[in-house]
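Working notes for the structure below.
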Amino acid sequence: MRWPAKNAGLAIAAMSYIAVDYLRHLSPTWHSWLQPALWSLLALAAVVRVPSYRHWSAEFRSAIPFVASMLFMLSALLFEALSVRSVTAVLGLDWHRNTPPLPDTGQWFLLALNEKLPSPIVEILRARIIGLHHFLMLFMMLAFSVLFDSVKAPGLGLGARYMFTMGVGRLLRAITFASTILPSARPWCAGSRFRVPGYPHHWAQKYYVPYATDHDAINRVIKLDTAYVDIGKPVGDYRPDWGSMSFLIDFLRPTMSEGPSWYNLLKKAGGGCNDLLYSGHMLVAVLTAMAWTEAYGGFSSALVWLLLMHSAQREIRERHHYTVDCIVAIYVGILLWKMTGFLWSHEATSSNRRLTKLETIQSRLIQASKDSDMDKVRELLKEIELSSEERKDPTRIKYARLFRSATIVFALTVVVLAFILTSDG
């Protein structure tokens, strides 16, 4: 961690955002006034800084990795959405209602603390101070802070690393929770969130149902290493006509009451019940905290980690996840972030590029120094920041301006849509 941070502006803005957003619980009236005012102020400050931003060439080089990382992350999220619905539907609602949650010593510990700690501290631990959308918006603020030189450019490089790491994490998460289906810590979750058949899928009827509770059957199937129980004709599912997308039927297990559209059905898989190991919410929080610590540092990064721990204990306390889900998400997120430094790193390439440029003009710089030509020295040093071709080529200047405008408009549009299309940003 770099200590202290380069400047405190980003830290003040971030903590102001958290405090203002928490007003929705304390004073909704003040929140309705202050939150739009704060975001309008931050957006205006970002737009004003655009003309004086000096690193558009670095942003342009990062544009392709940024887009590729975004597409990879969206593909991983699509696979995760399919897996969420699949693990919820494969064993049917009867299994969800009748299977007890796993014992969780972490939650027992938190319940014990409720009895030992003073009530004000317990209320702070229970408070909904920070959620998933806060961590996402904290990262957006971190990426935009390149405009104020709070974070090393390029911001698109930092965004590419964040999204690529997120995509890898979500892909590994989907593979993990789909491999072994854990009972939800909320047994009523599946029935309240999904409309799936009450009985298991015919595949699970053959390989799971006959051997689920009978100790002798489990022992025998271990010895034989083959399914031996004849279950007769398995119960069939409703199968709509989805055309070329019919391969999704066995994964999504639709019912007649949910309608004929696979797209609307898939949108309901945004949050599941058995997508437990490991926690997706905590993965987002950890990646934000890691990015904040590496890119910005300072006392505010310690506050972000403190908020992360508060969020983790709330996930356990409210039975959204088991303790193991949060613990695994923390160390997986840290390790994944450490492995993706090739996309963006605070210590990496900016200074190296400047040294390379300095080597190319070294002889001219020495000659200008000998001639005491300070104007020439200033001009040569300026070339380290801005390429002479970019300054002389009108076409390149034109496309650079178009790129910077498109980048800012796109980024600000995403932020605005996040507030319009969701209830909490």
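The values are calculated or read from the model by the stated rules, or taken from the named source; none is laboratory data. In this text the structure is predicted, and so the values were computed from the model without any measurement. Because the Cβ atoms are built from the backbone with ideal geometry, glycine has one as well, and the counts that use them run over all protein chains shown.
Between Tyr228, Tyr263, Tyr211, Tyr207, the distinction of being of a type in the set (Ser, Thr, Tyr) and in contact with a Lys or Arg (Cβ under 8 Å, 6 or more places away or on another chain) belongs to Tyr228 only.
Checked against (1) under 30 Å from Met163 (Cα atoms); (2) modelled with pLDDT under 70; (3) part of a helix (DSSP H, G or I), Glu347 meets all criteria but (3).
Scanning segment 77-108 for residues that are hydroxyl-bearing (Ser, Thr, Tyr) and either outside any helix (DSSP H, G or I) or over 15 Å from Gly191 (Cβ atoms) (or both) yields Ser83, Ser86, Thr99, Thr105.
Filtering segment 230-266 to residues that are free of Cβ contacts under 8 Å to residues at least 40 places away in the same chain and among the basic types (Lys, Arg) leaves Lys233, Arg239. Evaluation of Gly169 against the conditions (1) surrounded by 24 or more Cβ atoms within 10 Å (Cβ to Cβ); (2) touching a Cys at 6+ places or on another chain (Cβ under 8 Å) shows that the sole unmet condition is (2). Of all the numbered requirements in (1) farther than 30 Å from His320 by Cβ; (2) surrounded by fewer than 14 Cβ atoms within 10 Å (Cβ to Cβ), Tyr263 misses one, and that requirement is (1). Got at least one residue in segment 22-43 being more than 27 Å from Leu343 (Cβ to Cβ), charged (D, E, K, R), surrounded by 13 or more Cβ atoms within 10 Å (Cβ to Cβ) and modelled with pLDDT of 90 or more? No, that holds for no residue. Cβ separations smaller than 6 Å between residues 6+ apart or across chains give the following pairs from segment 58-70 residues that are in contact (Cβ under 8 Å) with a residue 12 or more places away in the chain to residues that are surrounded by fewer than 18 Cβ atoms within 10 Å (Cβ to Cβ) and not aliphatic (A, V, I, L, M): Phe60/Phe403.
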